[in-house]
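The block underneath contains the structure these notes are about, expressed in structure tokens.
The values are calculated or read from the model by the stated rules, or taken from the named source; none is laboratory data. Model, not experiment: these values are computed from the prediction. Heads up, the Cβs are rebuilt from the backbone with ideal geometry, glycines too, and the neighbour counts pull from every protein chain shown.
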Amino acid sequence: MKKYLIIGAGLSGLRIGQLLALDGNKVDIFEMEDEVGGLMKTREKEGFLFDIGPHIFFKDYAEEYKKLISNDLHNIRVLYGVGFSNKDIISPIRPVNLLKNLGIRKSLPLVADVMLHKMSKSNENAETLNNAEDWVISNFGKKVYECFFKDYIPKVMGLQASKVTEDWGTERHKFYKEHNLSQKSSKFLLNFIFNKENKGGYLDVYYPENGAQQVPVAICEEIKKLGGKIHLKTKVDRIEIADSKVTGIVIQKEGGIEEKINTGNDTVVINTMPITNLFSSIMTPDANSDAIKGISSNLKYRNLWLFNFILKRDKLKNKAQIYFPEKKYIFKRVYEPNNLLNDPVRNGKTAICVEVCYNEGDEVESMGEEALYSRVMEGLKDFYSISDEDVLDMWSMRVPYSYSIYNLGYKEVLLKMVEYLFEIDSLISFGRQGSFKYNHMTNRVMDSCNSLQKFLKSGSAKKNFLTSPDCKSDFF
């Protein structure tokens with residue numbers, strides 16, 4: 001029987017813990033907060049559910065989720081939207097919807113530019129795409145970039161698109177192919193000519209009755225039934241390494257009480273906390289500790305400031321979430337929880353969650369909650385036409401380590417960290433934060449857990465399984 005010490009009880013840590021426990025291994029999961037879920041938490045207020053998200057679930061692993069929460073997993077059809085030019089445009093973007101909302105004068109040049117771009121586009125070598133700006137223009141054309149990405153990328157990354165790597169786009173290639181306006185335009189014309197039905201942009205997804213956190217809570221309970229242990233309010237403070245092996249971890253319990261857990265050859269430590277924090281916790285018996293800690297100093301995470309509202313309004317829109325690419329809106333996304341439920345009627349009330357990105361010490365954080373709330377309300381009044389009197393309640397919360405920042409040069413830094421971990425088979429880092437991934441939806445988490453489980457069951461060394469260090473692999 002192998003022993004696994006897992007750092008972090010978010011979806012990644014819990015899912016791999018579940019798989020390992022099902023295989024008959026001894027599993028201990030350490031979580032510094034007083035609840036499980038990580039970024040997949042849900043808050044309830046006055047009957048409304050507010051995710052740190054939203055987190056929807058895809059059909060790829062629907063059967064797995066059903067095993068956990070049974071009839072509480074609901075199959076729903078949702079729409080995404082883009083708030084642009086004071087219009088609510090269905091996403092993935094469709095020419096017919098652009099024409100309907102923006103009119104011929106604004107939309108036709110945009111669609112025409114994309115189609116001309118695609119027809120004249122040569123097959124650029126990926127090596128010539130130096131940043132996110134290049135990637136978007138190469139794939140969609142300059143007008144799409146200027147309308148939908150030029151000001152959106154700085155919102156989520158805190159940097160101009162020219163200072164963000166092309167990875168920001170390539171990791172989303174599958175999703176953004178849905179935004180290929182030239183293909184959508186051709187399809188629209190064919191459907192129009194042959195009178196084919198346009199099914200719209202609905203996504204077939206799943207959502208739990210009690211919010212996204214219901215899934216990690218259910219996984220947690222299964223791990224306990226299988227003999228695993230979940231240690232809440234317990235921080236892994238130090239990881240001791242000697243001769244390329246983990247020799248022990250030091251945990252800090254509630255009240256600051258420290259305890260050391262010695263590890264042997266049968267123990268593997270799996271990290272899902274931010275990889276920067278992992279490297280800050282590594283201790284070696286030589287002078288290398290400070291150098292190891294310093295490797296990660298140039299990797300940064302973007303934070304979220306969430307403003308949650310209960311409004312005296314019926315449903316604002318029919319979209320689960322709407323993205324806001326324009327600079328005039330300080331927020332990047334608004335989601336309406338009621339649109340994830342089968343019965344969204346709540347006595348003339350609705351709720352929304354507004355997402356604002358920030359870095360520690362930047363202009364947004366320096367504004368403070370009151371001033372930032374005013375800016376948020378300014379945008380909501382402009383797009384949704386709500387008034388101050390419509391606000392029945394509002395509270396905000398901060399979410400650190402929400403997004404990995406793909407600044408130019410980040411891969412070189414991350415690769416050094418991956419190369420260090422490559423030599424240590426008893427220490428693995430993975431998950432959205434543990435592998436420094438930006439695009440890590442629920443299905444990607446489940447995929448990476450399967451990949452990691454396969455490696456652990458193989459008994460191979462990383463060198464044999466992964467071949468070489470790669471900062472884009474599922475785990476390090």
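Across segment 193-208, the qualifying residues are those that are surrounded by 10 or more Cβ atoms within 10 Å (Cβ to Cβ) and assigned to a loop (DSSP other than H, G, I, E, B), and the one among them that is modelled with the highest pLDDT is 202. Residues in segment 259-277 that are over 17 Å from residue 423 (Cα atoms), in contact with a helix residue (DSSP H, G or I) (Cβ under 8 Å, 6 or more places away or on another chain) and β-branched (Val, Ile, Thr): 272, 276.
Are any residues in segment 293-318 hydroxyl-bearing (Ser, Thr, Tyr) and modelled with pLDDT under 95, and if so, which ones? Of everything in segment 293-318, those that are hydroxyl-bearing (Ser, Thr, Tyr) and modelled with pLDDT under 95 turn out to be 296, 297.
Somewhere in segment 75-96, is a residue touching a residue at least 60 places away in the same chain (Cβ under 8 Å), assigned to a helix (DSSP H, G or I), within 23 Å of residue 319 (Cα to Cα) and of a type outside the set (Asp, Glu)? Taking every residue of segment 75-96 in turn, at least one turns out to be touching a residue at least 60 places away in the same chain (Cβ under 8 Å), assigned to a helix (DSSP H, G or I), within 23 Å of residue 319 (Cα to Cα) and of a type outside the set (Asp, Glu). Could you tell me whether residue 445 is part of a strand (DSSP E or B) and within 21 Å of the chain's Cα centre (by Cα)? Considered against the rule, which asks whether it is part of a strand (DSSP E or B) and within 21 Å of the chain's Cα centre (by Cα), residue 445 comes out as no. Inspect segment 388-399 for any residue being assigned to a strand (DSSP E or B), small (Gly, Ala, Ser) and out of contact with any Pro (no Cβ under 6 Å at 6 or more places or on another chain) and give the result as yes or no. Yes, segment 388-399 contains a residue that is assigned to a strand (DSSP E or B), small (Gly, Ala, Ser) and out of contact with any Pro (no Cβ under 6 Å at 6 or more places or on another chain). When residue 299 is tested against (1) touching a Leu at 6+ places or on another chain (Cβ under 8 Å); (2) within 22 Å of residue 2 (Cα to Cα), exactly one condition is not met: (2).
Only residues that are surrounded by 16 or more Cβ atoms within 10 Å (Cβ to Cβ), of a type in the set (Asp, Glu) and farther than 16 Å from residue 292 by Cα were counted in segment 225-258, giving 0. Restricting attention to segment 356-376, which residues are in contact with a helix residue (DSSP H, G or I) (Cβ under 9 Å, 6 or more places away or on another chain) and either among the charged types (D, E, K, R) or outside the structural domain of residue 390 (by the TED database) (or both)? Across segment 356-376, the qualifying residues are 365, 375. Listed by first and then second residue, the pairs linking a residue in segment 130-147 that is over 10 Å from residue 161 (Cα atoms) and assigned by the TED database to the domain that holds residue 119 to a residue that is of a type in the set (Phe, Trp, Tyr) and not in a helix (DSSP H, G or I), with Cβ atoms under 8 Å apart and 6 or more places separating them unless they lie on different chains, are 147/84. Do the conditions hold for residue 21, that is, is it in the same structural domain as residue 236 (by the TED database), under 19 Å from the mean Cα position of the chain (by Cα), under 16 Å from residue 224 (Cβ atoms) and in contact (Cβ under 8 Å) with a residue 40 or more places away in the chain? Against the criterion (in the same structural domain as residue 236 (by the TED database), under 19 Å from the mean Cα position of the chain (by Cα), under 16 Å from residue 224 (Cβ atoms) and in contact (Cβ under 8 Å) with a residue 40 or more places away in the chain), residue 21 does not qualify. Give me the residue from segment 428-442 that is part of a loop (DSSP other than H, G, I, E, B) and of a type in the set (S, T, N, Q) and, out of that set, nearest to residue 472 (Cα to Cα). So, considering only residues that are part of a loop (DSSP other than H, G, I, E, B) and of a type in the set (S, T, N, Q), the one nearest to residue 472 (Cα to Cα) is 435.
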